[in-house]
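Structure first, then comments.
Please treat every number below as a calculation from the coordinates, not as lab data. Source: prediction; values computed, not measured. Cβ: placed from backbone, ideal geometry, glycine included. Neighbour counts: every protein chain shown.
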Ligand SMILES: [Zn+2]
Ligand SMILES: [Zn+2]
């Protein structure tokens, strides 16, 4: 029996030997609850739902609270971080890699947390005030640092799924953070491309991208003193948006206090534009911050990517790796700019 090491755990990771892509297997994810109101097009505007595990007063339905940001006015909390009850990766799993015949697998070690963004059950980022969004960014930052203090975690991904087509299962506004024990191949490729660009030109490719987009101006949506937002030149989907810090910073963990408020301001602005232009579309946003070994490197630059989920990738896209985008980035940017 050679298939004995990884599969005996709740969570394990296997590598496809042809593509070198890692696949996470998590048995507990099958039991995730599904809130029917997520799918409703007429979502009720409720400040509280008695059945929601994330609403204040329902703490008995929650895992332990790992971090909490208090409301400065003294009335309860603003944001919370809790363990995901149905984690993709777990600290109970081993970290070792094993050969299983010709295959490679490893234990599903890692951390998976949920950020409850706000006590209000159905408010969303466009309706939050800037202090409320700053509180979400503050708790992202604290949990990023906490996860990166674990030597076995090499990469932290912060993301938000908005709407059923983006993969959300609970209506109460929340984000997630996953700390993983290995680095996916496509991240390694991006890191290598950035490294080669730096070797050839002596400058960070993302800093060059910001300067080039500002000079051209056609795809810029908005900017403030710390961040710039634009539709990327080769946007993969309609209305894809990137928000980059103007200051060269390799990892999200190095964000400064003043940048947290500027990020809150631009995020509220951009998501409000997207919501009013496309009538509250489903989307994912992801904070791309680079891996443990790349911290402070001159060619890496963190950024936030917003991916509206207006289309489903079809057979050609899955089979070829090409993307077909029916929307032109410069036109999308013009519409978002308004
Ligand atoms: Zn709720
Ligand atoms: Zn840079």
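Panel order for 230, 303, by other beta carbons found within 10 Å of each beta carbon, from fewest to most: 303, 230.
Between the C-alpha center of the range 242-260 and that of the range 187-212 there is a gap of 17 Å. Using the Cβ-Cβ distance between residue 142 and residue 98 with R0 set to 25 Å, the FRET efficiency from 1/(1 + (r/R0)^6) comes to roughly 0.15.
Hey, with R₀ at 56 Å, roughly what FRET efficiency would residue 215 and residue 10 work out to, going by the Cβ-Cβ distance, to 0.05? With R0 = 56 Å, the Cβ-Cβ based efficiency is 0.65. With the simple spin-label model, which puts each label point 7 Å out from Cα in the Cβ direction, the residue 129 to residue 258 separation comes to 2.3 nm. A straight chain from residue 47 to residue 190 at 0.36 nm per residue would run longer than the Cα-Cα distance by 47.3 nm.
Each Cα pair under 8 Å and six or more residues apart adds its sequence gap; the mean of these over the residue count of the range 186-337 is a relative contact order of 32 percent. Taking other Cβ atoms within 10 Å as a rough exposure proxy, 164, 228, 65 sort from fewest to most as 65, 164, 228. Taking the chain as a Gaussian network of alpha-carbon nodes connected by springs under 10 Å, the highest mean-square fluctuation of the residues 73, 131, 161 belongs to 73. For the chain, the relative contact order is 17 percent, taking Cα pairs closer than 8 Å that sit 6 or more residues apart in sequence and dividing their mean separation by the residue count.
The gain in end-to-end length when the residue 18 to residue 151 segment is fully stretched comes to 45.0 nm, 0.36 nm per residue minus the alpha carbon separation. Highest mobility in the GNM of the chain, judged by mean-square fluctuation with C-alpha springs under 10 Å and restricted to 241, 189, 178, is found for 189.
Rounded, prolate or oblate, given the Cα gyration tensor of the range 153-286, with a/c below 1.5 counting as rounded? Verdict is oblate for the range 153-286.
Relative contact order, whole percent, for the range 46-143 stands at 30, derived from Cα pairs under 8 Å and 6 or more residues apart.
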